[in-house]
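In what follows, a single structure is set out as C-alpha cells and then discussed.
The values are calculated or read from the model by the stated rules, or taken from the named source; none is laboratory data. Note that the structure is predicted; figures quoted are calculated from it, not measured. When we count neighbours, we look across all protein chains shown, and the Cβ atoms used for this are built from the backbone with ideal geometry, even at glycine.
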Amino acid sequence: MTAVMLLALGGMAEASVATKQIKVNYNNIVIYANGKAVSLSAGQEPFLLNGVTYVPLRVAGEALNSNVNWVADTKSIYITSGASTEENNLKIQMALKDQEIANLKKQVEDLKKNNDDKDDKDDDDLSDLEDDLMDDYDKLEDVYIDSIKLRGDEDHVKVEIEVDLDDYEDEWEDLTDRNIEDWLDDLVEYIQDELTDETVVDGTIYSTDDDELVEFDKDGKDRLEVDFNDDYFRGGSENASDVEDNLLNERFRVDDLKFTVSDISYDKDDDEVRVNFEPEDTDCATKWDDLNRRIIEDAVEDIGKDIANEFKDEDVKVETVRLYFYDEDNDLLDSYRYDV
C-alpha cells in the first residue's frame with residue numbers, strides 16, 4: 001500500500017519550517033522487541049521511504065523500555081532509558097535486602113547495647129558486692145584478707161581471694177580445715193543471698209605470690225566442695241585425710257580380740273588423732289574383762305605406734321593418738337592415750 005503524506009522539515013540551526021509531500025509504502029511491517037511482537041494501534045504502523053524504514057519514535061522507545069517525551073514549547077523530544085521488568089524486580093529485591101540488612105544491623109546493635117547495659121549492671125552489682133564482702137569477710141580468724149574479686153553474673157560467679165602470707169604465714173599455719181571451710185561457707189552463702197540460691201560460685205584463695213592455697217565450688221544448692229592445696233604452709237591436711245581413709249575399717253588385735261576402726265579423725269590444732277574401735281566378737285565385753293591389763297596395754301601401745309607411723313609416713317605431724325575401744329553393745333570398754 002502506498003500513501004501520500006505531508007512531511008514538515010526543519011533544521012536545528014534554522015528557524016524556518018517547510019512542508020513537503022511524499023509517498024510512503026506500508027508493507028505490514030511487524031516490530032519485535034526482545035523476541036516479542038509489539039502491539040501497534042492505528043496510525044503507528046511503520047513505513048518505507050527511499051529504502052529506509054520509519055518507525056514512530058514513541059513506539060520504538062516504549063518497545064525498548066525507554067521513556068519518550070515531547071515538549072511542545074521547545075519542540076523537543078526527550079528519550080530516557082528505562083529498566084526492564086527483570087531489572088526492576090532485581091532493584092526491588094535489592095532494596096528489600098538492603099532494608100532487611102539494615103533491620104538486622106539495628107537488631108544486632110540493640111542486642112549489643114542491651115548486653116552492654118546488662119554487663120555494666122552486672123559489673124556494678126558485683127563491684128558493690130565486693131565492697132560488702134570486704135566489709136564483712138576481711139578476716140579469716142587471725143588472717144587478714146587482702147582482696148576479694150568477683151567476675152561473672154548471677155548465673156555463675158568466680159571468686160578470687162588474696163591473702164598476704166608474708167605477713168600472716170604463722171597465722172595461716174594455725175588455721176584448721178574447719179576454720180577455712182566455715183568461713184568460705186558463710187562467704188558463698190552471702191553471695192548467693194545477694195544473687196540467687198541457684199548461682200554457681202567457684203573460686204580460689206591465692207597468696208600474694210600467686211600460690212593456689214584453697215579451691216572451692218558450690219553448684220547452686222549443692223554442698224560446698226573445698227580442696228586444700230596448701231600443704232607447704234599448713235602441714236598436710238589433705239594427706240591426713242588420705243591416711244584416715246586408708247585406716248578406716250582396718251583390723252587390729254588386742255590379744256585374741258579383733259577390732260576394726262569404725263571412726264578416725266585428725267585434729268590439726270592439737271596434732272592429735274582420735275580412733276574408735278568396734279569389736280568383731282559378739283562376746284567381746286566378757287573376753288575383755290578376762291584379759292590381763294598388761295597384755296592390753298602392750299597391745300594398745302603397739303596399735304597407737306602403728307597408727308602414728310601411718311601419719312608420719314605421709315608427712316603429717318602427730319603428737320598424740322587417743323584410742324577408744326567399744327564392746328558389742330557400743331559401750332565403752334576403755335580409752336587410752338599414746339604419746340608419740
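Data overview
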read-out: Some residue of region 231-251 being without any contact (Cβ under 8 Å) to a residue 60 or more places away in the chain, in a strand (DSSP E or B) and in the same structural domain as VAL316 (by TED's automatic domain parsing); value: yes
read-out: Positions within region 197-225 being farther than 20 Å from ASP155 by Cα and of a type outside the set (Asp, Glu), in sequence order; value: ILE205, TYR206, SER207, THR208, LEU213, VAL214
read-out: Those strands (runs of 3 or more DSSP E) lying entirely in region 120-214 with at least 1 residues within 16 Å of VAL226 (Cα to Cα); value: 156-163, 200-207
read-out: Among the residues listed as ASP182, ASP155, ASP170, the single one being at pLDDT below 95, under 20 Å from the mean Cα position of the chain (by Cα) and among the acidic types (Asp, Glu); value: ASP155
read-out: Condition met for GLU225 (of a type outside the set (Val, Ile, Thr), within 36 Å of the chain's Cα centre (by Cα) and at pLDDT 90 or above); value: yes
read-out: Selected residue (criterion: surrounded by the fewest Cβ atoms within 10 Å (Cβ to Cβ)) from residues of region 252-261 that are in a strand (DSSP E or B) and either at pLDDT below 95 or of a type outside the set (S, T, N, Q) (or both); value: ARG253
read-out: Residue match in region 199-206 (condition: on the phi < 0 side of the Ramachandran plot, at pLDDT below 95 and charged (D, E, K, R)); value: no
read-out: Hey, ARG293 free of Cβ contacts under 8 Å to residues at least 60 places away in the same chain and surrounded by 15 or more Cβ atoms within 10 Å (Cβ to Cβ) or not; value: no
read-out: Sole residue being among the acidic types (Asp, Glu), part of a helix (DSSP H, G or I) and either within 30 Å of VAL214 (Cα to Cα) or not assigned by TED's automatic domain parsing to the domain that holds GLU173 (or both), chosen from GLU310, GLU328, GLU278; value: GLU310
